[in-house]
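Below is one structure, written out as structure tokens; comments come after it.
The values are calculated or read from the model by the stated rules, or taken from the named source; none is laboratory data. The structure displayed is predicted, hence computed values, not measured ones. When we count neighbours, we look across all protein chains shown, and the Cβ atoms used for this are built from the backbone with ideal geometry, even at glycine.
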Amino acid sequence: MTQAFSLMAVGMGFVFVFLAILVVVTSTMSKLVNKYAPKPEPAKAAPAPVAAAPADAQLLAVLQEAVNQYRSDKKR
Amino acid sequence: MTQAFSLMAVGMGFVFVFLAILVVVTSTMSKLVNKYAPKPEPAKAAPAPVAAAPADAQLLAVLQEAVNQYRSDKKR
Amino acid sequence: MTQAFSLMAVGMGFVFVFLAILVVVTSTMSKLVNKYAPKPEPAKAAPAPVAAAPADAQLLAVLQEAVNQYRSDKKR
Amino acid sequence: MENILNLWTGSGFYNITGGQITMIVVCLFLLYLAIKKGFEPLLLVPIGFGGVLANIPEAGLALTAAENAIHFHKPDVMLALSEVLKIPFEAGQEITAETLKAFKAAYAEGNASTVFAADQIAKNAGYANGMLANFYSVIIGSTVGPLLIFLGVGAMTDFGPLLANPRTILLGAAAQFGIFGTVLGAAVLTMTGVMEFNIGEAAAIGIIGGADGPTSIYVASVLAPHLLGAIAVAAYSYMALVPVLQPPIMNALTNAEERKIQMVQLRPVHQLEKILFPIAVLILVALFLPDAAPLLGMFCLGNLMKECGVVDRLSDTAQNALINVVTIFLGLSVGSKLSADKFLDVTTLGILVLGMVAFGVGTATGVLMAKLMNVFSTNKINPLIGSAGVSAVPMAARVSNQVGLQNNPQNFLLMHAMGPNVAGVIGSAVAAGVMIKFLGG
Amino acid sequence: MENILNLWTGSGFYNITGGQITMIVVCLFLLYLAIKKGFEPLLLVPIGFGGVLANIPEAGLALTAAENAIHFHKPDVMLALSEVLKIPFEAGQEITAETLKAFKAAYAEGNASTVFAADQIAKNAGYANGMLANFYSVIIGSTVGPLLIFLGVGAMTDFGPLLANPRTILLGAAAQFGIFGTVLGAAVLTMTGVMEFNIGEAAAIGIIGGADGPTSIYVASVLAPHLLGAIAVAAYSYMALVPVLQPPIMNALTNAEERKIQMVQLRPVHQLEKILFPIAVLILVALFLPDAAPLLGMFCLGNLMKECGVVDRLSDTAQNALINVVTIFLGLSVGSKLSADKFLDVTTLGILVLGMVAFGVGTATGVLMAKLMNVFSTNKINPLIGSAGVSAVPMAARVSNQVGLQNNPQNFLLMHAMGPNVAGVIGSAVAAGVMIKFLGG
Amino acid sequence: MENILNLWTGSGFYNITGGQITMIVVCLFLLYLAIKKGFEPLLLVPIGFGGVLANIPEAGLALTAAENAIHFHKPDVMLALSEVLKIPFEAGQEITAETLKAFKAAYAEGNASTVFAADQIAKNAGYANGMLANFYSVIIGSTVGPLLIFLGVGAMTDFGPLLANPRTILLGAAAQFGIFGTVLGAAVLTMTGVMEFNIGEAAAIGIIGGADGPTSIYVASVLAPHLLGAIAVAAYSYMALVPVLQPPIMNALTNAEERKIQMVQLRPVHQLEKILFPIAVLILVALFLPDAAPLLGMFCLGNLMKECGVVDRLSDTAQNALINVVTIFLGLSVGSKLSADKFLDVTTLGILVLGMVAFGVGTATGVLMAKLMNVFSTNKINPLIGSAGVSAVPMAARVSNQVGLQNNPQNFLLMHAMGPNVAGVIGSAVAAGVMIKFLGG
Ligand code: NA
Ligand code: NA
Ligand code: NA
């Protein structure tokens, strides 16, 4: 019982201290990064507007099927 | 020789009995399933009619190539 | 030191002899193949002329995206 | 004729025990839950199937060579075994159920040399490790299985939401109270004499509250391998039951006002932050808790491979081929611990009850922590995301989102809940490290 | 100077034996068959290549540490080995070919402790296991290789046709007569003094008639590991030769009328049936033949993963990355048994002949069984699908289809033949279990 | 209270040494080079990360069970260890740093039996192998890791350019002079007393000049495992630095005229030539240098699988899932050798310097060989492709191409340089075989 209490106290304490330090470290790191690091590029130039026209939907189905076929061919 | 005969008799007998029981069990199971289980859905809605027009054939070739390229890019 | 010299002499000698034999064997093999083996087919019938029209470029982008989506779907 | 008799006396029909029948039914039920109800099927399908295999009579698939030898107890083999197991036994002595139990216990508690010697004797006599026993020793006994799952999970985890709002990490800390509270619960059960758990067993049971499968298996394999089957099944089952278990607790501890709190939109996160985060965690682990290094090390490596952008093919493999292969074997290995003699025990019931308590307590402390933080801060946190701190990624975060939507159809909490959700993974790995530090070795 | 001499006396040119040259040529011929003729290339390419590697003089790739030590027979190492191998040997004694043979035999027949001790002595003296010997011990010695192939094959098998017409399972039973008939054939050879096979060897040879690679390797590794190379090569070669071996037998045993029988179209099969089938097989195995549990257990797990629809990523991996990796190593491991001293033996010839007999007998009994069943039933079975009962999936089913089309261009038997075809896999795994039950351990 | 103290005295903060801090910084720098500068990231990310893990204080991830036991040196365990390690030690004797060093040395130099016994004692006392130590023993200790990398590399290699112009193979031979020249360099350092390398160590260092990662790891693991960390890091780093290291040497040894030489376009190569080539190499290896059989055997198998066209699924797996999995573990295993006590040594500096010399010499002899060949032939070779003979595929070939384009914008040397480039791989594997033949075993 004492053991369980002590494990709880130490364990929970340690988890909190560790994650609290992590909060501090992470926040500091983030601040430094956003201050000094070059701005990130606008996240990989929006990947080709898909599914614009209804025609595209059908195209995608065909595509999907082609990909499937290709994959199942590979497996044989 | 006796050993071989006895192995044959017992072995072949066992294989038959086992698979015969499997026939019975399978048949019973199938009957129960088809009696009580909800009807299966119409098997995955026919996957987009492929290769309808001749134009599609060319499209598929392009596709295939694109997929190939994609795959070989991945590998590099 | 002597050991190092001897290792160098024997090692370098061996590498050269081995690769020189490989040159001979390879050349002979190639000559025999090109003399007796049936002509290779014209290397997998040029894979569908890709990126011909500008329209195709867009198509390929769509394709690529479809493939990507397909792949990421797979992963989920 | 003798041959046919042999076939009959060696058959399952002739040898099956009530316990084995029960366990096969239980395992088929696990398969039902996995396939029909969608309970964590990636793990429960192989676990359930492995459990059936482990209970096939006479096949001994879950037994080591020595355990198989003891099961068939040929007199001369038993004599040889009695020497290395240091059990009084004479040639010609009758072999009773008691004798077998003593041999099994001596083997189970034997040190590395004893186990090696006993297995050699059994192999000399023609016995071999069962298939599942081999899988268990390679995948779980060596601890490599859970570590590789963690590698793959790391490669699938996005720390973006956590980085955008780092204080939600504390919710992931609070929810670990479920782990330690359960240790206390097990101690209470022991004190009151209801069941008996030593402190190592209590800790291994508590980790169920960590709501993280590989962590549970890792800790159980180190602190209480004999309970591993029940612990793993409980962990994965309750993770699947999160949508049932959590909402009542969440609703009970919050008022409608709190549940409607809308949170500030998350800021975009720089790629460099994502790269540095796993390295930061690794260094903190190195400095503060070396015992958590294997679990969190592999987790951070996976995440670094994902985020660094230059080893995509390794990251892909860690997320797919590698984690899938390991999952199959890990499930079968866990299943090997579902044999009747190990699972059908009153302690299993205790584990199931305590495990559920652990989940409940963790959920509650996560929610309460969020309320406590709101007392001190201006940027209010919706306490519904506190429950996600138990981990059970991404199920618990989805539950937070759902309950949120029930109270305010415009309030999407998913991304906010992902912060404490992944922090909960780190939190329970840290808790695992602390418990192994204290009780292991 | 001494160095150069050393290089020469250690070279392949100086040491190669006639047997090794023969075996290298045989293995190159296997590669030719695999690559040019399409003989089961997935297995025969690694097997053939492994066979070449195993016959590289002085490299000892297929030898364990102790076997390598015996090959180089330094006097002090031999002295140490003689003690654990219990061979009379004195310091300074001349080492003849006879001596080496005695050492090799004692090692090959030694029990687990002896082998362990001998290998330790060899490792102390600086010898190591050859690469292929390591692969063999990990992949085949542990039996995990064939089991994982079965897992993958299970995940690729569709039991739909079998479920739609379950009585075709009996065709898969009948075709296993090839297995047991061959055991009889081996016994006849032994009795007449032509060759000598003990019953375990006879059984291992018979399993070639099961027309199933992994089952053959599994059984051979348990009952007659020294014949494994020849058995595996025969099994895969004859599976590739099915289109040549079967049609004459099929035509001889049927008349044109029978070959034209059109079968009723197969009913659609419910997904639930497909899910329950592997579980049903597993439970039958558990009840009736625990010894078949490893093989059929993995097979059923693979199939359940495929059909249950909730663990597609595991099923995908079992069908691809995992089975491919195992195939490479399994092939190389089998190849390690193609070293000249193990393969160039008159028994190999016996194995090749008996294996072909087994295929022929199995084909015949499958066809005859179909004819027998037609006597008792109204819904006639085309006897051409009986030959598919030997397994050799899906080649044998395709042969049934082809021969059918030759007789009636509108008669597509492929799907009908898939039923007995996959039943043949179960049938030979059951036969394997029976033989291991009787003769193993 | 004692518990908290325990947590503190067991923490990294309390135990970390200056050496460990240094090594963690070095490893973070490797990660920086890999991620930011693109230095062979597939290997250097896991190596760097593994190096950090190996230097986590008290975690003992890179230590075996016995090494962990020695690290914690409980008196009774030390007493038991002293017996099998044959070190004078009495119960109650004070344990000094000297004592620990003696134990570690005795264990490191112990033979297989000693190591086994010591590890058993440690396991009996509750110690276990660290995670990285397990990876090292499975992946590198068994030599399987580098061999599987070679399998995958073989499956990715196109010998077309080499077959179209086979005499460029000789450039790949000449560039191996870097390897043996460095052995000489190490001998000079030893003779002059600057550093001390035995001949095995010198050879292992020389192989860096082979510019081939897996070959370096393979040779180092056989001839000088204690230097493996530094050698692997040097090999991969210099391979990444090829675009910086080679051009000055190439420009210094050639004049503008030579650099502008345009080469005849390569003839198309028959598929059959590509299939026969790996078989031809294999047979030459079998005849002339059995010791190179593992490395070149796996390489040729991979290439045959790629070219034969009938086992694409195996070739795919060898190039993807399998090589990726092995790369992760190989990197971590190499990282395990970056612990402070093994890496922070003046010899590491020597290795780095000699490694760079090896690269330089190899580049130079490759270029000079091309010039020599031009003296005797009419079809001139552009000497810039000589530098590609060091291997470092495909980086060195690209460098040849780049330098060529700088001198003649129409002169594409890439495909011409691929011939010596892949010949360099074979060349260094042959050199590895020679060195193992002479110095190993
Ligand atoms: Na958690
Ligand atoms: Na069969
Ligand atoms: Na090279």
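For the structure I just gave you, tell me whether D:M191 is over 24 Å from the mean Cα position of the chain (by Cα), modelled with pLDDT of 95 or more and of a type in the set (A, V, I, L, M). Judged against the criteria, D:M191 is not a match. Scanning segment E:15-32 for residues being over 18 Å from the mean Cα position of the chain (by Cα), among the hydrophobic types (A, V, I, L, M, F, W, C) and assigned to a helix (DSSP H, G or I) gives a total of 7. Being under 28 Å from F:V334 (Cβ atoms), among the hydroxyl-bearing types (S, T, Y) and surrounded by fewer than 21 Cβ atoms within 10 Å (Cβ to Cβ) is a condition met by no residue of segment F:95-104. Could you list, in sequence order, all residues of segment D:362-396 that are away from ligand 1 (no atom under 16 Å from the Cβ), of a type in the set (A, V, I, L, M) and over 14 Å from D:Q176 (Cα atoms)? Selection gives D:L372, D:M373, D:V375, D:I381, D:L384.
Among residues belonging to segment D:170-194 that are farther than 20 Å from D:L245 by Cβ and crowded, with 24+ Cβ neighbours inside 10 Å, point out the one that is nearest to ligand 1 (Cβ to nearest atom). Selected residue: D:A173. For segment F:194-229, filtering for residues that are polar (S, T, N, Q) and away from ligand 3 (no atom under 12 Å from the Cβ) leaves 2. Taken over segment D:230-245, the residue count meeting the criterion of being in contact (Cβ under 8 Å) with a residue 40 or more places away in the chain, away from ligand 1 (no atom under 13 Å from the Cβ) and more than 14 Å from every other protein chain (Cβ to nearest Cβ) is 9. How many residues does segment E:185-206 hold that are within 11 Å of chain B (Cβ to nearest Cβ) and either among the aliphatic types (A, V, I, L, M) or in contact with a strand residue (DSSP E or B) (Cβ under 7 Å, 6 or more places away or on another chain) (or both)? Qualifying residue count for the region: 8. Scanning segment E:290-342 for residues that are of a type in the set (A, V, I, L, M), surrounded by 24 or more Cβ atoms within 10 Å (Cβ to Cβ) and more than 24 Å from D:S336 (Cα to Cα) turns up E:A321, E:I328, E:L330, E:L332, E:V334, E:L338. Out of all the residues in segment E:197-216, is one or more within 13 Å of ligand 2 (Cβ to nearest atom), at pLDDT 90 or above and hydroxyl-bearing (S, T, Y)? Looking through segment E:197-216, at least one residue is within 13 Å of ligand 2 (Cβ to nearest atom), at pLDDT 90 or above and hydroxyl-bearing (S, T, Y). Restricting attention to segment F:38-61, the residues that are assigned to a loop (DSSP other than H, G, I, E, B) and either more than 15 Å from the chain's Cα centre (by Cα) or aromatic (F, W, Y) (or both) add up to 9. When you look at B:A37, is it surrounded by 13 or more Cβ atoms within 10 Å (Cβ to Cβ), modelled with pLDDT under 90 and under 15 Å from E:F277 (Cβ atoms), yes or no? Here the answer is yes, as B:A37 does meet what is asked. D:N124 falls short of the stated requirement of being within 27 Å of the chain's Cα centre (by Cα) and either under 30 Å from F:A117 (Cβ atoms) or within 8 Å of another protein chain (Cβ to nearest Cβ) (or both).
Give the residues of segment E:398-433 that are more than 19 Å from E:G355 (Cβ to Cβ) and either within 14 Å of another protein chain (Cβ to nearest Cβ) or within 12 Å of ligand 2 (Cβ to nearest atom) (or both), sorted by residue number. Residues satisfying the conditions are E:R398, E:G419, E:P420, E:N421, E:V422, E:A423, E:I426, E:V430, E:G433. Among the residues of segment F:102-118, those identified as away from chain E (no Cβ under 11 Å) and under 28 Å from the mean Cα position of the chain (by Cα) are F:K104, F:A105, F:A106, F:Y107, F:A108, F:E109. Of the candidates E:A65, E:A54, the single residue that is in contact with a helix residue (DSSP H, G or I) (Cβ under 8 Å, 6 or more places away or on another chain), aliphatic (A, V, I, L, M) and within 9 Å of another protein chain (Cβ to nearest Cβ) is E:A65. Any residue in segment D:305-312 that is charged (D, E, K, R) and under 18 Å from the mean Cα position of the chain (by Cα)? There is no residue in segment D:305-312 that is charged (D, E, K, R) and under 18 Å from the mean Cα position of the chain (by Cα). Taking E:V281, is it under 24 Å from D:K37 (Cα atoms), aliphatic (A, V, I, L, M) and either within 16 Å of ligand 3 (Cβ to nearest atom) or in a loop (DSSP other than H, G, I, E, B) (or both)? Answer is no for this residue.
Number of residues in segment E:397-431 that are among the aliphatic types (A, V, I, L, M) and either within 16 Å of ligand 1 (Cβ to nearest atom) or farther than 12 Å from E:T168 by Cα (or both) equals 11. The set of residues from segment E:254-278 being charged (D, E, K, R) and either outside any loop (DSSP other than H, G, I, E, B) or away from chain B (no Cβ under 14 Å) (or both) comprises E:E257, E:E258, E:R259, E:K260, E:E273, E:K274. Against the conditions (1) in contact with a Pro (Cβ under 6 Å, 6 or more places away or on another chain); (2) farther than 21 Å from E:A164 by Cα, E:I436 satisfies every one except (1).
The number of residues in segment F:1-35 that are free of Cβ contacts under 8 Å to residues at least 60 places away in the same chain and facing chain D (nearest Cβ under 9 Å) comes to 14. Residues satisfying the criterion are present in segment F:143-163 (criterion: more than 10 Å from chain C (Cβ to nearest Cβ) and polar (S, T, N, Q)). Just for segment D:213-229: of the residues that are within 15 Å of ligand 1 (Cβ to nearest atom) and touching a Phe, Trp or Tyr at 6+ places or on another chain (Cβ under 9 Å), which one is nearest to the other protein chains (Cβ to nearest Cβ)? The extreme case among them is D:Y218.
Being surrounded by 24 or more Cβ atoms within 10 Å (Cβ to Cβ), among the aliphatic types (A, V, I, L, M), away from ligand 3 (no atom under 15 Å from the Cβ) and more than 16 Å from F:L30 (Cβ to Cβ) is a property that F:A397 lacks.
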